[in-house]
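Read through the structure below, which is laid out as structure tokens, and then see the notes.
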Amino acid sequence: MDENKVPMPLICMPIVGTTQEEINAEAVFAFSKDPDIVEWRADYFQDVDDKDKVIAVLQSLRQTLPNQAVLFTLRNETEGGNPNQLTEHARFSLYLDVCRSGHADYIDTELNNDHDQLKKLRNETQKHNVNFILSFHDFEQTPAEEQLKINADVAVRLEADYFKFAVMSTVKNDILTVFRVTEDVSHSIQPISMAMGVYGKMTRAASWTFGSKVTFAQGRKSSAPGQMTIEELRTSIDNIRTLV
Ligand SMILES: O=C1C[C@@](O)(C(=O)O)C[C@@H](O)[C@@H]1O
């Protein structure tokens, strides 16, 4: 193996169904596309307030997707999540239950949550060998580089395994911000980065060359603006791979 080669990114495919039936159909679709990771966006699930049903869905994902790692995300409405009735306390206790269930390999939560809750969750993820992603989303704009780096520092301080940021690109220069911040923070934490929107496709295809570890493809349904199909994404990554 060429040691100078940049490691390839993992491809993650989201599942956003509201019922167990829809989730199953999306999982079958994902299986046919063979991504590395599937992200279950549990904030879309109509029974997200029923812990047993949530764990049952995770179990069914394990069965349908034996070759994929499972990422559990309960996105907060403040950062683009589907609105639900869960209180902050209920959201975090669900995260803890998911960690203990052994049915998730990664969990993603926003770094803007209460830091005491995040520390508790970090401990639990460590105990159960779950990868801890602390994330930041901005659906309006790409914040200034300094702001994104401050967010990365929070993720480092909270000992996350990954710092993920997904920001909206409104001008072409925004993708340069994403690439620069990805490279810069990669010296202190594993980044996962992307810009949403039309310009963002460049980042979905190439952020890995600056250190991003995961990129998101569209599932049976898309979970964010600008996601490509897994075929488009693979073709772009393979082409870039010959250049770096
Ligand atoms: O945060 C992310 C990244 C994402 O927003 C994207 O832009 O591909 C898609 C979401 O499902 C995921 O939780």
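The values are calculated or read from the model by the stated rules, or taken from the named source; none is laboratory data. Computed from a predicted model, the values in this text were never measured in an experiment. Note that each Cβ is placed from the backbone with ideal geometry, even for glycine, and that neighbours are counted across all protein chains shown.
Brief remarks follow.
- Selection count where residues are within 14 Å of the ligand (Cβ to nearest atom) and either farther than 27 Å from LYS127 by Cβ or among the aromatic types (Phe, Trp, Tyr) (or both), scope segment 150-168: 6
- Here segment 215-244 is the region considered, the condition is being of a type in the set (A, V, I, L, M, F, W, C), within 13 Å of the ligand (Cβ to nearest atom) and within 20 Å of PRO191 (Cβ to Cβ), and the residue that is surrounded by the most Cβ atoms within 10 Å (Cβ to Cβ) is PHE216.
- Residues (within 14 Å of the ligand (Cβ to nearest atom) and of a type in the set (S, T, N, Q)) located in segment 169-179: SER169
- Looking across VAL38, VAL54, one residue alone is farther than 30 Å from LEU243 by Cα, under 20 Å from the mean Cα position of the chain (by Cα) and modelled with pLDDT of 95 or more. It is VAL54.
- Qualifying residue in segment 15-31 (condition: surrounded by 15 or more Cβ atoms within 10 Å (Cβ to Cβ) and assigned to a loop (DSSP other than H, G, I, E, B)): yes
- Where a residue in segment 29-41 is touching a residue at least 12 places away in the same chain (Cβ under 8 Å) and away from the ligand (no atom under 12 Å from the Cβ) and its partner, wherever it lies, is part of a helix (DSSP H, G or I) and aliphatic (A, V, I, L, M), with Cβ under 8 Å and at least six apart: LYS33/ILE230; PRO35/ILE230
- For segment 180-201, a tally of residues being more than 13 Å from the ligand (Cβ to nearest atom) and part of a helix (DSSP H, G or I) returns 6.
- Lone qualifier among GLN85, GLN117 - being at pLDDT below 95 and not acidic (Asp, Glu): GLN85
- Just one residue in the set ILE11, ILE55 is part of a strand (DSSP E or B) and β-branched (Val, Ile, Thr); that residue is ILE11.
- Answer residue from segment 202-214, given it is under 14 Å from the mean Cα position of the chain (by Cα) and within 10 Å of the ligand (Cβ to nearest atom) and is farthest from VAL178 (Cα to Cα) among those: VAL214
- Cβ-Cβ contacts under 7 Å between residues 6 or more apart (or on different chains), taken from a first residue in segment 203-225 that is under 16 Å from GLY80 (Cα atoms) to a second residue that is more than 8 Å from the ligand (Cβ to nearest atom) and part of a loop (DSSP other than H, G, I, E, B), are listed as PRO225/GLY197.
- Hits in segment 58-72 (condition: of a type in the set (Val, Ile, Thr) and touching a residue at least 40 places away in the same chain (Cβ under 8 Å)): THR64
- Restricting THR209, THR109, THR177, THR125 to those that are touching a strand residue (DSSP E or B) at 6+ places or on another chain (Cβ under 6 Å), of a type outside the set (Gly, Ala, Ser) and either surrounded by 16 or more Cβ atoms within 10 Å (Cβ to Cβ) or not in a loop (DSSP other than H, G, I, E, B) (or both) reduces the list to THR125.
- Selection count where residues are out of contact with any His (no Cβ under 6 Å at 6 or more places or on another chain) and either more than 18 Å from ASP114 (Cα to Cα) or assigned to a loop (DSSP other than H, G, I, E, B) (or both), scope segment 75-90: 9
- Among the residues making up segment 16-28, those that are away from the ligand (no atom under 16 Å from the Cβ) and out of contact with any Asp or Glu (no Cβ under 9 Å at 6 or more places or on another chain) are GLU21, ASN24, ALA25, VAL28.
- Residue check for GLU145: more than 26 Å from VAL130 (Cα to Cα), surrounded by fewer than 22 Cβ atoms within 10 Å (Cβ to Cβ) and among the charged types (D, E, K, R): yes
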